[in-house]
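Please read the structure below before turning to the comments.
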Amino acid sequence: MVDYRKIFVHNRRWAKRKRTLHPGFFRRHFNKQKPDFLYIGCSDSRVSVEKLMGVDIGEVFVHRNIANIVSDDDENVKAVIQYAVEVLKVQHIVVAGHTGCGGIKASLEDCSKGAIDQWLQKVKKVYTKHQKRLEKIEDEATMLDEFSKLNVLEQCQNIAHLDCVKKSIANTGFPIIHPWMYDMSNGLLHDLDKNKK
Ligand SMILES: [Zn+2]
């Protein structure tokens, strides 16, 4: 069994180090948060927001679910986006998919009925929309990663259609919505927006 107590040992060591190196660090963050990013990504344990973006506490507002879905009938993600846009006034919203996504793969398999299956229907909708293009790809892993990319682009469009986002963009020009893919095989992050360098 994993010794969960090691988490607390690590935590005490980390907090002490922060206090020593950056006096006032916790007090400063306790008073307010002003992140520049909202990150919407997959729940997969192998995708660490802080590590892959190289950011620290207070820099990214985060929402994660299986296969990074933004669905109009999901009040959870919609509340997170509204809060990020209207209250935190984030300048960037990132939707990050990743290669080898278990949620993407599972959406094409027969699952038991239940919450997982219901959730995966939202993912499968993306496949159905792009089925003709995806079924031409013979290699399964390549097809699934392409499906993941299309899923990210689809979720970015869903964000762009939300009222709070449309209103904010019309008034301020922000947020900018970024489709990203994280390649688990080499740790590299890729921008799917071909117009950006
Ligand atoms: Zn995933």
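Quick note: the coordinates plus some simple rules give every number you see, no bench work behind them. Remember, predicted model here, so these are calculated numbers, not experimental data. Cβ atoms come from the backbone with ideal geometry, glycine included; neighbour counts cover every protein chain shown.
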Could you compute Rg(Cα) / (2.2 N^0.38 Å) for the chain, with N its residue count? 1.13
Mean separation of Cα contacts under 8 Å (6+ apart) over length of the chain, as relative contact order %: 22
Where does the charge balance sit around Gln33 when Lys and Arg score +1, Asp and Glu -1, over other residues with C-beta under 15 Å from its C-beta? 0
DSSP beta bridges in the chain, what fraction antiparallel, as a percent rounded to 5? 20
Per the helix-only calculation at 222 nm, which mean residue ellipticity applies to the chain, given -39500 (n - 2.57) for every DSSP H run of n ≥ 4 and division by its residues, nearest 500 deg cm²/dmol? -14000 deg cm²/dmol
Can you sort Glu154, Glu50 from fewest to most other Cβ atoms within 10 Å of each residue's own Cβ? Glu50, Glu154
Going fewest to most other Cβ atoms within 10 Å around each Cβ, Val70, Val165, Val9 line up as Val9, Val165, Val70
Residues Ser168, Ser43 arranged by fewest to most Cβ contacts within 10 Å: Ser43, Ser168
In the structure displayed, which of Lys124/Lys149; Lys105/Lys194; Lys122/Lys166; Lys89/Lys167; Lys105/Lys125 lie more than 18 Å apart, Cα to Cα? Lys105/Lys194; Lys122/Lys166
Amide H of Leu192 versus every other amide H placed in the peptide plane: which residues, excluding those fewer than 5 positions away on the same chain, fall under 5 Å? Trp180, Met181
Here the net charge surrounding Ser45, from other residues whose Cβ is less than 13 Å away from its Cβ (Lys, Arg +1; Asp, Glu -1), is +2
Check which residues have an amide H placed less than 5 Å from Ile176's amide H, if you skip close sequence neighbours. His92, Ile93
